[in-house]
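The values are calculated or read from the model by the stated rules, or taken from the named source; none is laboratory data. This structure is a prediction, so every number in the text was calculated from the model and none was measured. Every residue, glycine as well, gets a Cβ built from its backbone with ideal geometry; the counts of neighbours run over all protein chains shown.
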Amino acid sequence: MTSQYLRHIHRRLLHRAALHITAAGSGAVLLIAGPEGADRKGALEAVVARLGSHHLHRVALFPWNRDEPGALAALLPTPLADVIVVVDDLQHADERSLRQLISAARHPESTVSVVATVDGPGLDHLATDVLTLPPLTLAETAGYLHAVTGRRIPVARVEEVHAETGGWPGAINALVTAMPEGELWRGVDKRDHLARARELAAAGELPTAELHLNECSPEQDPAEQNNLRGYLALNRGLRRRAHEHLADPGPEPRHRVRSVLLSLVDWDLAAVQAKADTLLLDEARILRLVADAALSGRMPDMSLTPESALDRQRLAMIHGWLALSFDDPLTARERLQHLPGQSVITGVWQDAWLSRTLYVLGEWTTAARVVERGLATSEAHGMELLEPMLLWSGVQIAAMQGDDLLARNYLQRLTLSEDAFLLQSLPAAMGRMIVAANSADLPAALRAGDLLARTVASTDTQHPGFWPWEDVYAQTLIRAGRIDAADDLITATEARHSPSGLVSLMAKNAVPRATIQLQRGDVGAGLRTFEDAVDAILDTPMPAYQSRILFEYGKVLRRHGRRQRADEVLSHAAEIFAQMGASVMVERCAAERRVGGVGLVHHTNPHGLTPQEEQIAALVAEGATNAAVARELSLSTKTVEYHLTRVYRKLGVRTRQELRERLG
């Protein structure tokens, strides 16, 4: 029971660890660390449970093994290859065996990985990753005690246990064992738990607020309890429960404003306006600004002067969000900075939009730090609502910077249940589609795009500047040969977006429009459309969009024989990608330039492939079908088959799997 609970508490740490161990490439050494009482063994078992069908070899070490040369080596499999070695208490390994095991795992072409517990930092320098187990929070301690005893423990007792044990599971186990039968759940706590829950919720301590709320008697101010439960559910991203408690908030203005927030995260903009109109609270007026901006297509008057510091912080957050939506990321960056001492909850909202702003501005290293800060704060304070908005930017940056492990972790976390608000499901679907569209996995990109189309089918989200996704999906449809469907989508999108005059939208929508024109044989119109898009976007401070449009234009120029101009455009794109740290895209620009054969010094291909063959081989190795490669490179399927046959012969392989293995 206890290890099950710990597996839940540390699920993200453990998932990251399992991904690290099973990631393709050279072997890994993962150390699971933590003080006595951290239940390192339970965490080790949880990681092992996530390793699925991998070949595992278990080893347990003891203090006396340290003084026995070769003791660990005698317990290892022979040969030491194609295995994950799982070691409990690696600090007890003898020096000679430890050197042998780590050397095998850290070899560049290793097929050995190690996952082990350790009791301190002494071996950290040998590891590729160290998973340091944190203590349980107060709310997690309550859940752990419930798992251990089978009973809900009064919050006063939970606080005592947490204070005495520091939240370490081993210490909690020892304390519970030493207590007389029933002592843990006895006692009377006469505090006003509802008042305490309200204070904690205002301070952003949402899990602890829920502990106190659960101590309240049903007779104590049921309207306040109901509203607070709805607010906690909203922040946890539990849509049905939030609606159950907040749909009829009653006459109290403080309760009704939470219903305005409920409508906003569901993207019911008309309801936001209608509900806000009945309230005189600054918070309601501030939330209404989003609905006004989206429905009018114009930046609203931001001259409100809220009385409280919290509402001033909320106004700054909304101002930043809207500035980003209306092509002013510089103002957005300024308004989305939050200061020490401000609201934790509003601070996570600011981080969600600040990370997106920094993504657009091309400041990806800082954006990645803001994403992680926001995710850590969200998890610590029970605010799962905003995690998809943070992950939306995080997964794009990780994928384009070549951090496959982090990208996989983020993608896994973007998988939501059906019980999610649109403010969660929409950025989650957008993130998955954009990452898939940037890969050679066309079926995955189409599935993600189709899911996104279904996500927005029942709700109008095409408010210019707020949730732009149609251009990426249209390009995916074009890659799949669904030209008419792409044309229908982008034509409707252009009609909706054109009145806004937003340069970023016009330029991004021009990419599929130009591609459709080219596919239908109107080369002159297609190239002019691309050139206009490039001219427009280069006048903006939005490098993330500039680089992508330049890359798409460069590919088109190269495929239509404009090799000199293509090389210039691709070189410009690569320069911007490099400034953002997008190593994956820098290499894709280089690959296009090599095929074009102008300006870039050719590297020596160790396999003897021509540039065209190399590009086809790389796409096939990434999982693309021949038809997908043909569409990507503007070739016929027969031509792809011809080149692929030559690739197989030169590399001495017979199947796609062998090709992937050969190219590494």
Report every pair of residues separated by at least 6 positions or lying on different chains whose Cβ atoms are under 8 Å apart, first residue within the range 578-594 and more than 16 Å from Val360 (Cα to Cα), second among the acidic types (Asp, Glu) and in a helix (DSSP H, G or I). Ala591/Glu614; Arg593/Asp567; Arg594/Glu614
Yes or no: Glu45 in contact with a Gly (Cβ under 9 Å, 6 or more places away or on another chain) and over 21 Å from Gln100 (Cβ atoms)? no
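Yes or no, residue by residue, for (1) at pLDDT 95 or above; (2) surrounded by 19 or more Cβ atoms within 10 Å (Cβ to Cβ); (3) closer than 15 Å to Arg631 by Cα; (4) touching a Leu at 6+ places or on another chain (Cβ under 7 Å):
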{"position": "Ala437", "(1), (2), (3), (4)": "no, yes, yes, no"}
{"position": "Ala440", "(1), (2), (3), (4)": "no, yes, yes, yes"}
{"position": "Gly449", "(1), (2), (3), (4)": "no, yes, no, no"}
{"position": "Ala453", "(1), (2), (3), (4)": "no, no, no, no"}
{"position": "Trp469", "(1), (2), (3), (4)": "no, yes, no, yes"}
{"position": "Arg479", "(1), (2), (3), (4)": "no, yes, yes, yes"}
{"position": "Ser498", "(1), (2), (3), (4)": "no, no, no, no"}
{"position": "Gly501", "(1), (2), (3), (4)": "no, no, no, no"}
Restricting attention to the range 133-171, report how many residues are in a loop (DSSP other than H, G, I, E, B), among the β-branched types (Val, Ile, Thr) and either over 29 Å from Leu30 (Cα atoms) or in contact with a Phe, Trp or Tyr (Cβ under 9 Å, 6 or more places away or on another chain) (or both). 1
Looking at the range 75-98, which of its residues are surrounded by 13 or more Cβ atoms within 10 Å (Cβ to Cβ) and in a helix (DSSP H, G or I)? Leu75, Leu90, Gln91, His92, Arg96, Ser97, Leu98
Within the range 99-110, residues polar (S, T, N, Q), in contact with a Gly (Cβ under 7 Å, 6 or more places away or on another chain) and assigned to a helix (DSSP H, G or I) come out as none
Would you tally the residues in the range 230-257 being in a helix (DSSP H, G or I), surrounded by fewer than 21 Cβ atoms within 10 Å (Cβ to Cβ) and of a type in the set (D, E, K, R)? 5
For the range 422-430, check the following and say yes or no: at least one residue is surrounded by 21 or more Cβ atoms within 10 Å (Cβ to Cβ), of a type in the set (A, V, I, L, M, F, W, C) and over 17 Å from the mean Cα position of the chain (by Cα). no
Could you check, for the range 390-403, whether at least one of its residues is within 16 Å of Ala437 (Cα to Cα), modelled with pLDDT of 90 or more, outside any helix (DSSP H, G or I) and in contact with a Gly (Cβ under 9 Å, 6 or more places away or on another chain)? yes
Name the residues in the range 262-312 that are polar (S, T, N, Q) and under 29 Å from the mean Cα position of the chain (by Cα), would you? Ser263
Entirely in the range 493-568, the helices (runs of 4 or more DSSP H) that have 1 or more residues that are within 26 Å of Arg333 (Cβ to Cβ) and of a type in the set (Phe, Trp, Tyr): 543-559
For the range 139-159, the count of residues that are surrounded by fewer than 18 Cβ atoms within 10 Å (Cβ to Cβ) and modelled with pLDDT of 90 or more equals 1
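Name the residue, out of Thr208, Thr128, that is assigned by TED's automatic domain parsing to the domain that holds Ile102, surrounded by 17 or more Cβ atoms within 10 Å (Cβ to Cβ) and at negative phi. Steps first, answer last, please.
Working: Thr208 fails: assigned by TED's automatic domain parsing to the domain that holds Ile102.
After applying the criteria, what remains is Thr128.
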Are there any helices (runs of 4 or more DSSP H) wholly within the range 329-389 with 1 or more residues that are within 24 Å of Ser303 (Cβ to Cβ) and of a type in the set (Val, Ile, Thr), and if so which? 329-335, 344-361
Residues Glu379, Glu363: which one is surrounded by fewer than 24 Cβ atoms within 10 Å (Cβ to Cβ), under 14 Å from the mean Cα position of the chain (by Cα) and not basic (Lys, Arg)? Glu379
For the range 617-643, name all the residues that are at pLDDT 75 or above, within 30 Å of the chain's Cα centre (by Cα) and not in a loop (DSSP other than H, G, I, E, B). Ala617, Ala618, Leu619, Val620, Ala621, Ala628, Val629
Odd one out for Gly237, checked against (1) more than 22 Å from Ala420 (Cα to Cα); (2) touching a helix residue (DSSP H, G or I) at 6+ places or on another chain (Cβ under 8 Å): (1)
Going by what's in this entry, would Asp301 be described as within 24 Å of Ser263 (Cβ to Cβ), out of contact with any helix residue (DSSP H, G or I) (no Cβ under 7 Å at 6 or more places or on another chain) and of a type outside the set (A, V, I, L, M, F, W, C)? yes
Of (1) in contact with a helix residue (DSSP H, G or I) (Cβ under 7 Å, 6 or more places away or on another chain); (2) part of a loop (DSSP other than H, G, I, E, B), Ser113 satisfies all except one. Which? (2)
So Cys216 passes all but one of these: (1) closer than 30 Å to Leu262 by Cα; (2) in contact (Cβ under 8 Å) with a residue 60 or more places away in the chain; (3) not in a helix (DSSP H, G or I). Which condition number does it fail? (2)
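Can you pull out every residue in the range 536-561 that is closer than 17 Å to Arg594 by Cα and in contact (Cβ under 8 Å) with a residue 12 or more places away in the chain? So that I can check it myself, show each step before the final result.
Residues of the range 536-561 that are closer than 17 Å to Arg594 by Cα, as a first pass: 550-561.
Residues satisfying the conditions are Leu550, Phe551, Glu552, Tyr553, Gly554, Lys555, Val556, Leu557, Arg558, Arg559, His560.
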Filter the range 161-205 for residues that are in contact (Cβ under 8 Å) with a residue 24 or more places away in the chain, buried (at least 20 other Cβ atoms within 10 Å of the Cβ) and farther than 28 Å from Gly347 by Cα and give the result. Thr165, Trp168, Pro169, Ile172, Leu184
